[in-house]
1. Give just the number: which of (1) open to solvent by 20 Å² or more (accessible area, probe 1.4 Å); (2) in contact with a His (Cβ under 7 Å, 6 or more places away or on another chain) does ASN207 not satisfy?
2. Enumerate the pairs (first residue in the stretch 95-109 and touching a residue at least 12 places away in the same chain (Cβ under 8 Å); second residue anywhere and open to solvent by 80 Å² or more (accessible area, probe 1.4 Å) and outside any loop (DSSP other than H, G, I, E, B)) with beta-carbon separation below 8 Å, excluding pairs fewer than 6 apart on the same chain, so at least 6 apart or on different chains.
3. Quick one: ASN161 ticks every box in (1) of a type outside the set (A, V, I, L, M, F, W, C); (2) crowded, with 16+ Cβ neighbours inside 10 Å; (3) touching a Ser or Thr at 6+ places or on another chain (Cβ under 6 Å) except a single one, so which number is it?
4. Could you list, ordered by first residue, the pairs with Cβ atoms under 7 Å in which the first is in the stretch 232-250 and under 15 Å from TYR212 (Cβ atoms) and touching a residue at least 12 places away in the same chain (Cβ under 8 Å) and the second is more than 16 Å from the ligand (Cβ to nearest atom) and among the aliphatic types (A, V, I, L, M), at least 6 apart or interchain?
5. Across the stretch 193-203, what is the total count of residues that are under 19 Å from HIS129 (Cβ atoms), open to solvent by 40 Å² or more (accessible area, probe 1.4 Å) and near the ligand (Cβ under 8 Å from one of its atoms)?
6. Any residue in the stretch 254-283 that's farther than 22 Å from ILE178 by Cβ: show its pairings with residues that are among the basic types (Lys, Arg) at Cβ separation under 7 Å, as long as the two are six or more apart or on different chains.
7. If you go through the stretch 204-230 one residue at a time, how many are within 12 Å of the ligand (Cβ to nearest atom) and either in a helix (DSSP H, G or I) or without any contact (Cβ under 8 Å) to a residue 12 or more places away in the chain (or both)?
8. So how many residues does the stretch 91-107 have that are open to solvent by 60 Å² or more (accessible area, probe 1.4 Å), of a type outside the set (Phe, Trp, Tyr) and under 19 Å from GLU170 (Cβ atoms)?
Amino acid sequence: MPKIIFSLFENEHLSERIRKGINAESGSYIKRQFPDKETYIRILSVVEKKDVILICSLDKPDHKFLPLLYFCKLLKDLHAKSICLVSPYLSYMRQDTQFKNGEAITSKYFANIISSLVDKLITIDPHLHRIKSLNEIYNIPCITLDASKLISKWIKNNIANPLLIGPDSESEQWVSKIAKGASAPFIILNKIRLNDNLVEIVVPKLNKYKDYTPVLVDDIISTGHTMLETIMHLKMASMPPPICIAVHAVFAKNSYRNLKKSQIKNIITTNTINHKSNQIDISEMIIRELLIKSGSDK
Ligand code: R5P
């Protein structure tokens, strides 16, 4: 069945590689804003009876969401056979419960709308915490890929004597796997989030790791406070400057600049979100998945 790929919102860094890898047609369209900031979309390629793949990382999701919705509706009007959304970074995974009365459980609402727009979702390391599988909130087949092997390989090839450090219990799921793959020791810290912008980290005694290179590993760097707070504690424990690694380079506000200015050796991310810190390429993983015909949430 013919496949056609569209890159939405500056995801060309991935879409061209993926397109070549699965030998698909490149889709073309026009998207612009009217002077009053409403969205205009016109799909120029023929999509009728074709399997459509949308490459669309959903960082900074709010301004992407409505155009994505229009795009999917238009694909259906134009009789696309199926729509597979490849969203290497899947947003709205953190407000997955009601912490206070009256709060919106946006993970659920977002999943509900996406499930009504596309036939299948492929993503990488979604922030699964209280929700254990995407199929608890999405009503479509969801494939969750895992970047841990690629990160382990990068650490093995680039860091001598690494000590992997996870900033909180949530990170243990990633850090333990990555440490195993890199044949490195790991420790998990205790993080208390005080509000959106404030975290407190408790670091255990690190005396026996003085000769190691600290490698902070997390799934997301957003405000950077989790990393910054950990870096400060490592410094107080007289550890060498760490290397910070994250799957998703969200980098809200000035967090990348603030981290670069702090006492670190480097910041490394995968290219689920296009960013200058990207050094680990996840496109092969997506290509392999797209070449497999069927599947559901792993
Ligand atoms: C939280 O549970 C995540 O694993 C990350 O630790 C968190 O999202 C990082 O956020 P920030 O950079 O804003 O501290």
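The values are calculated or read from the model by the stated rules, or taken from the named source; none is laboratory data. Since the model is a prediction, treat every value here as computed from it, not as a measurement. Note that each Cβ is placed from the backbone with ideal geometry, even for glycine, and that neighbours are counted across all protein chains shown. Surface areas here come from the heavy atoms of the whole protein model, side chains and all, with no ligands, DNA or RNA. Shrake-Rupley method; radii C 1.70, N 1.55, O 1.52, S 1.80 Å.
1. All conditions are met except number (2).
2. ASP96/LYS108
3. Failed condition: (2).
4. The qualifying pairs are ALA237/LEU206; MET239/LEU206; ILE243/ILE159.
5. 2
6. Partner pairs satisfying both residue conditions: GLN263/LYS235.
7. Our first condition is that a residue be within 12 Å of the ligand (Cβ to nearest atom); within the stretch 204-230, this holds for 216-230.
In the following step, the residues that additionally are either in a helix (DSSP H, G or I) or without any contact (Cβ under 8 Å) to a residue 12 or more places away in the chain (or both) were identified as 225-230.
Residues meeting the conditions: 6.
8. First pass over the stretch 91-107, keeping only residues open to solvent by 60 Å² or more (accessible area, probe 1.4 Å): 92, 94, 98-102.
Filter once more, keeping what is of a type outside the set (Phe, Trp, Tyr): 94, 98, 100-102.
Adding the requirement that they be under 19 Å from GLU170 (Cβ atoms) leaves 94, 98.
Matching residues across the stretch 91-107 total 2.
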